[in-house]
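Just so it is clear, none of the values below were taken in a lab; they were calculated from the coordinates. Values in this document were obtained by computation on a predicted structure and should not be read as measured data. In this analysis, Cβ positions are derived from the backbone assuming ideal geometry, glycine residues included, and neighbour counts consider all displayed protein chains.
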Amino acid sequence: MQTRFDKQDRLYQVIRLIRPVHLNIQRTLEAQLDGTGISVAQRDVMEVLHGCGPITVPTATRMLGMKRQFVQRTMTDLIELGMVERRRSSRQSRAYLCKLTEQGERLFETVHQREMALLRQRLGDINITEVIVALRVMARVAAAYEAAAADTLTMSTIAKLPDHKAALDAADSSAV
């Protein structure tokens, strides 16, 4: 039991909630997607395409924070299902742009409407101020952990180099 307000402890409580919230959202989405012929990952890719228009797989990968090969495979599956079309970019001859087909747009809209109905039903009592604060806090948490993950990847890559001690020392001195 907490006896005083400790900001870091309370923030850690928020972070601890992320995993069960994420898992329950996944389970709910799986149930809502039953009968649509698409998976949660495919729905996520469709959401990015719906919100951003024609984009490349690398752009979708960055936006989703997923591995490129996974996003590519998911995009290929959506193309085979007729939900996504791809065409060469007019700006870059080697790049392909992916966008939702009309069928993909309709399916995503249907799925999204179900999600919004659930939010209204289950969380309609949350006021706009609470939503804005939650968005602000979660955006900060996401950015902090994205940066920490990038730092971890960078340091682990440096540590694998033959003279990693010197590289780590150089990285530490430049951070000061």
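Backbone phi angles across segment 126-133, fed through the Karplus curve with coefficients 6.51, -1.76 and 1.60 (θ = phi - 60°), yield HN-Hα couplings of 6, 7, 4, 4, 5, 5, 4, 5 Hz in residue order; Gly and Pro are listed as x. Net length available on complete extension from A144 to Q121 is 5.1 nm, with 0.36 nm assigned per residue and the Cα-Cα distance removed. Which shape class applies to segment 86-156: rounded if a/c is under 1.5, otherwise prolate when a/b exceeds b/c and oblate if not, where a ≥ b ≥ c are the square roots of the Cα gyration tensor eigenvalues? Cα axes put segment 86-156 in the oblate bin.
Plugging the Kirkwood radius over Cα pairs into Stokes-Einstein for the chain, at a temperature of 37 °C and a viscosity of 0.692 mPa s, what D comes out in µm²/s? Don't skip to the end; give the middle numbers.
Values: Rh = 19.6 Å.
It comes out at roughly 167 µm²/s.
Amide H to amide H, with H built 1.01 Å from N, S89 comes under 5 Å of A95, Y96, L97, counting only residues 5 or more places away or on other chains. Highest mobility in the GNM of the chain, judged by mean-square fluctuation with C-alpha springs under 10 Å and restricted to T110, T76, T152, is found for T152. When peptides 25-38, 138-151 are ranked by their average number of other Cβ atoms within 10 Å per residue, the highest-first order is 25-38, 138-151. Scalar couplings 3J(HN,Hα) for segment 83-98, obtained by applying the Karplus form with A = 6.51, B = -1.76, C = 1.60 to θ = phi - 60°, are 8, 10, 10, 10, 8, 4, 6, 6, 8, 10, 5, 8, 8, 10, 9, 10 Hz; x denotes Gly and Pro. Near the amide H of T101, within less than 5 Å, lie the amide hydrogens of V84, E85, all on another chain or at least 5 residues away, with H placed in the peptide plane. Here's the picture: charge each Lys and Arg Cβ at +1 and each Asp and Glu Cβ at -1 in the chain, and of Q103, L17, T59 the one pushed furthest to the positive end of that dipole is T59. Estimated from the Cβ-Cβ distance and a Förster radius of 25 angstrom, the FRET efficiency linking R136 and E109 is about 0.35. Here the sum of -39500 (n - 2.57) over DSSP H runs of 4 or more residues, divided by the residues of the chain, equals -24500 deg cm²/dmol at 222 nm, to the nearest 500.
Computed about its Cα centre, the charge dipole of segment 102-158 is approximately 180 debye, with only Lys, Arg, Asp and Glu carrying charge at their Cβ. Judged by the mean number of other Cβ atoms found within 10 Å, the most tightly packed of the peptides 41-49, 10-18 leads the ranking 41-49, 10-18. Against the empirical curve 2.2 N^0.38 Å, the C-alpha radius of gyration of segment 1-91 lands at a ratio of 1.47. A prolate overall shape is assigned to segment 41-130, the ratio a/c of its alpha-carbon gyration tensor axes (a ≥ b ≥ c) being 1.5 or greater and a/b exceeding b/c.
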